[in-house]
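The values are calculated or read from the model by the stated rules, or taken from the named source; none is laboratory data. As the structure is a computational prediction, the values presented were derived from the model and not from experiment. Quick reminder, even Gly has a Cβ in these numbers, built from the backbone with ideal geometry, and neighbours come from all protein chains shown. Surface areas here come from the heavy atoms of the whole protein model, side chains and all, with no ligands, DNA or RNA. Shrake-Rupley method; radii C 1.70, N 1.55, O 1.52, S 1.80 Å.
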Amino acid sequence: MPFELDDGPTAVRVTAEMSTAPGDLLPGEVHERALGQILLRRGKVSEANIADALEMQRQEGGRIGELLMRNHVLEEEDLLDALAWQLDLPIVRDVKPEECDPELAEKVPIAFARQHRLIPLRRVGRAVEVAIFDPLDVHALDDVRRAIGAEILTVVAPGQKIVEAINKVYARQEGGVDLGDSNEDDMAGEAEELTDILDLTDEAPIIRWVNSLMFNAVKERASDIHIEPREKDLVVRYRVDGNLYEHKHANRNYINSILSRVKIMAGLNIAEKRLPQDGRIRRKIAGKDIDMRVATAPGVNGERITIRLLDRSSVLHDLSDIGFGDDHLVVINELIRRPHGSIVVTGPTGSGKTTTLYACLAKINTPDLNILTVEDPVEYQLEGITQVPINPKIELTFASVLRSYLRHDPDVIMVGEIRDGETAGMAIQASLTGHLVFSTVHTNDAAGAITRLVDMGIEPFLVASSLVGLLAQRLVRRLCPDCRVLYTPSEEELLKVGIDPQAFFSGSLRIPPLRTKITPPPTGKLYQAREGGCGKCSKSGYLGRLGIYELLLIDNEIRQLALKNTDSNSIKQAAVRSGMRTLRDDGAAKVLVGVTTLEEVLMVTAEDKQ
């Protein structure tokens, strides 16, 4: 039975297309197989890609096109072109909010529009033109036709463009908010976007202003929001890709109201302003489940609030997506499948250690393993894994939870951080008694973890016996692939990161195998960020971050050095002689393939002397 509308041109095209499909397919597969054939003919996917997507569809459901996009084998633009050709529909590449009729938008609820990624554009005679990402979502189109009371002319448009238009068109209906913003930009334009966070029609200006901060923080990929009272005003700063920048200001008269609103959302005591408090907010923002950790602290000009944003939908990265080279991946995949031993990740706060550990756990998370974690706090909830947040107020510490965990028959234990000798001792004992232990310590490089554990009071022979691998890491900003520019580096620049200028300019330089989807620079050239960036990267020249790594394997030589309580520099030199890439070496490799810059690598590896 084909999908169809009651009437209208879309129904005719869809039904006609589906009636020509083979008759030996399962119900609901007709369109999918026809679309697959179009994509195959155009050379956009392979038969293996289609087969994989169809198998996913049988198990999970969903549209074949979206499954192909999820598998990273099909671009959205190619999918839209194929759908438009198949259904004989026009394509709108950019949905401009100012060209959308607000009277038509009022007749379609915002939650419905966002869920189905559609938006009414304009009247065309007696019909209404509607932009939609999935033109075969005919039930949604039928609902829009009834709500508007006119026939529908369907056009295909990119999903993200539709969502952005929805946010702006529906926000205009809510009216502006002005809290005395001292920025040059008008406060109202940004504050109105709050409707995307709650799907409510609350008209309170303070609520809308605070929600707009969260909406825009997610939109701009911020990891933290800093709300800071100053002598004459209140300033809000975002941290994006590790860098802080001012986002907006508000009149000082509104400070108490803004801080109280955030406290209420986080479940904190609004009357307590003398002591620090911690809370948590959960919201759905722009279709993403966002956890926000809220911390307050008293200051001279009033309380300040810091909000850490955690995107629950994007926490679980595959190890191959966060910057590991192919050679590192082979070793890591072997280490995390060992039956026992300790794997320690090192680096300063904010260097991505937790993300790496979660990626390791996700890789080995199967029903036949009992995986337990103790964290401070639990940043993301992992399905099928028992996670416990520590609480020193009730003496629930890393060590006490570890002691309890050993009575729960664990296979794998993750300790969020080794901070003291007691925790270190428990972790080492667990690894020696048949458990695989993941943990982190704060040291500058991988070799430093050995001496740090000894300094905590662990006997060198226990450290040498339990450790199987040490991983140091840092985060560098990724170059925006849309606006990066080529340049010729000087010999001095190359030497600073350990690149041989002669080999570089001759094209004989050996580059470690790294997984990247972007085109590397030609011989004798490197990429750098374009000044002023572009719209995609918010004018910064960078888009996201990736890790650079130093993987130290505990072989016989390193084990003997650890037994002798040798200093970390000697251990590092021995590891380099055995083939270890230092942080700076790995960073240089990522510069050579065009994903980051010399400046980024030099900045985060300033202490690396190798």
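Evaluation of Val156 against the conditions (1) open to solvent by 20 Å² or more (accessible area, probe 1.4 Å); (2) at pLDDT 90 or above shows that the sole unmet condition is (1). Contact map, the stretch 542-566: first residue touching a residue at least 24 places away in the same chain (Cβ under 8 Å) and at positive phi, second residue open to solvent by 30 Å² or more (accessible area, probe 1.4 Å) and not hydrophobic (A, V, I, L, M, F, W, C), Cβ cut-off under 7 Å, separation 6 or more or different chains; pairs are Gly544/Arg478. Could you check Leu432 against (1) out of contact with any Phe, Trp or Tyr (no Cβ under 7 Å at 6 or more places or on another chain); (2) open to solvent by less than 10 Å² (accessible area, probe 1.4 Å) and say which number it fails? The one condition Leu432 does not meet is (2).
Just checking, does the stretch 274-283 include any residue being open to solvent by 20 Å² or more (accessible area, probe 1.4 Å), among the aliphatic types (A, V, I, L, M) and either closer than 28 Å to Gln115 by Cβ or in contact with a strand residue (DSSP E or B) (Cβ under 9 Å, 6 or more places away or on another chain) (or both)? Looking through the stretch 274-283, at least one residue is open to solvent by 20 Å² or more (accessible area, probe 1.4 Å), among the aliphatic types (A, V, I, L, M) and either closer than 28 Å to Gln115 by Cβ or in contact with a strand residue (DSSP E or B) (Cβ under 9 Å, 6 or more places away or on another chain) (or both). When the stretch 381-396 is examined, which residues are found to be exposed (fewer than 13 other Cβ atoms within 10 Å of the Cβ) and under 22 Å from Ile290 (Cβ atoms)? Within the stretch 381-396, Gln381, Glu383 meet the criteria. Looking at Glu103, is it assigned to a helix (DSSP H, G or I), of a type in the set (Asp, Glu) and under 25 Å from Val124 (Cβ atoms)? Answer is yes for this residue. Residues that are of a type outside the set (D, E, K, R) and either in a helix (DSSP H, G or I) or under 27 Å from the mean Cα position of the chain (by Cα) (or both) within the stretch 40-55 comprise Leu40, Val45, Ala48, Asn49, Ile50, Ala51, Ala53, Leu54, listed in sequence order. For the stretch 122-157, filtering for residues that are over 32 Å from the mean Cα position of the chain (by Cα), within 19 Å of Asn167 (Cα to Cα) and not charged (D, E, K, R) leaves 1. Within the stretch 284-295, restricting attention to residues that are touching a helix residue (DSSP H, G or I) at 6+ places or on another chain (Cβ under 8 Å) and surrounded by 15 or more Cβ atoms within 10 Å (Cβ to Cβ), which residue is modelled with the highest pLDDT? So, considering only residues that are touching a helix residue (DSSP H, G or I) at 6+ places or on another chain (Cβ under 8 Å) and surrounded by 15 or more Cβ atoms within 10 Å (Cβ to Cβ), the one modelled with the highest pLDDT is Val294.
Determine whether Ile91 is open to solvent by 10 Å² or more (accessible area, probe 1.4 Å), farther than 21 Å from Lys288 by Cβ and of a type in the set (A, V, I, L, M). Considered against the rule, which asks whether it is open to solvent by 10 Å² or more (accessible area, probe 1.4 Å), farther than 21 Å from Lys288 by Cβ and of a type in the set (A, V, I, L, M), Ile91 comes out as yes. Being modelled with pLDDT of 90 or more, loosely packed, with under 15 Cβ neighbours inside 10 Å and over 29 Å from Asn444 (Cα atoms) is true of Pro298.
For the stretch 390-432, which residues satisfy the criterion of being touching a residue at least 40 places away in the same chain (Cβ under 8 Å), out of contact with any strand residue (DSSP E or B) (no Cβ under 6 Å at 6 or more places or on another chain) and more than 20 Å from Val378 (Cα to Cα)? Quick ask: steps written out before the conclusion?
Applying the first criterion (touching a residue at least 40 places away in the same chain (Cβ under 8 Å)) to the stretch 390-432 yields 410-418, 427-428, 431-432.
Then drop every residue that is not out of contact with any strand residue (DSSP E or B) (no Cβ under 6 Å at 6 or more places or on another chain), which leaves 411, 428, 432.
Correct list: Ile428, Leu432.
Of the residues making up the stretch 477-492, just one is among the acidic types (Asp, Glu) and either part of a loop (DSSP other than H, G, I, E, B) or within 13 Å of Pro521 (Cβ to Cβ) (or both), namely Asp482.
Per the conditions (1) closer than 26 Å to Lys168 by Cβ; (2) part of a helix (DSSP H, G or I); (3) open to solvent by less than 10 Å² (accessible area, probe 1.4 Å), the sole criterion not satisfied by Val108 is (2). The set of residues in the stretch 414-471 being over 16 Å from Leu552 (Cβ atoms) and in contact with a Ser or Thr (Cβ under 6 Å, 6 or more places away or on another chain) consists of Met414, Val415, Glu417, Ile418, Ala427, Ile428, Ser431, Leu432, Val437. Contact map, the stretch 80-102: residues that are under 19 Å from Ala113 (Cβ atoms) paired with residues that are open to solvent by 20 Å² or more (accessible area, probe 1.4 Å) and not in a helix (DSSP H, G or I), Cβ distance under 6 Å, separation 6+ or inter-chain. Pairs shown: Leu80/Ile91; Asp101/Arg122. Filtered by the rule that a residue be in contact with a helix residue (DSSP H, G or I) (Cβ under 8 Å, 6 or more places away or on another chain), in contact (Cβ under 8 Å) with a residue 60 or more places away in the chain and open to solvent by 20 Å² or more (accessible area, probe 1.4 Å), the stretch 323-347 gives a lone residue, His340. Are any of the residues in the stretch 315-333 within 20 Å of the chain's Cα centre (by Cα), farther than 19 Å from Leu514 by Cα and among the aromatic types (Phe, Trp, Tyr)? No, the stretch 315-333 contains no residue that is within 20 Å of the chain's Cα centre (by Cα), farther than 19 Å from Leu514 by Cα and among the aromatic types (Phe, Trp, Tyr). Note on the stretch 261-273: among residues that are of a type outside the set (A, V, I, L, M, F, W, C) and surrounded by 17 or more Cβ atoms within 10 Å (Cβ to Cβ), the one that is nearest to His116 (Cα to Cα) is Arg261.
Count of the stretch 57-77 residues, restricted to those that are open to solvent by 40 Å² or more (accessible area, probe 1.4 Å) and part of a helix (DSSP H, G or I), is 8. For the stretch 376-390, indicate whether the set of residues that are closer than 23 Å to Ala449 by Cα, of a type in the set (D, E, K, R) and modelled with pLDDT of 90 or more is non-empty. Within the stretch 376-390, not a single residue is closer than 23 Å to Ala449 by Cα, of a type in the set (D, E, K, R) and modelled with pLDDT of 90 or more.
Among the residues of the stretch 122-148, those that are open to solvent by 10 Å² or more (accessible area, probe 1.4 Å), part of a strand (DSSP E or B) and either among the hydrophobic types (A, V, I, L, M, F, W, C) or under 25 Å from Glu77 (Cβ atoms) (or both) comprise Arg122, Val124, Ala127, Glu129. Of the strands (runs of 3 or more DSSP E) lying entirely inside the stretch 321-436, those carrying at least 1 residues that are charged (D, E, K, R) and over 27 Å from Ala606 (Cα atoms) are 371-375. For the stretch 353-380, the tally of residues that are open to solvent by less than 40 Å² (accessible area, probe 1.4 Å) and closer than 19 Å to Ser320 by Cα stands at 8.
Please verify whether Thr306 is crowded, with 18+ Cβ neighbours inside 10 Å and hydroxyl-bearing (Ser, Thr, Tyr), treating the condition exactly as stated. Criteria not met by Thr306.
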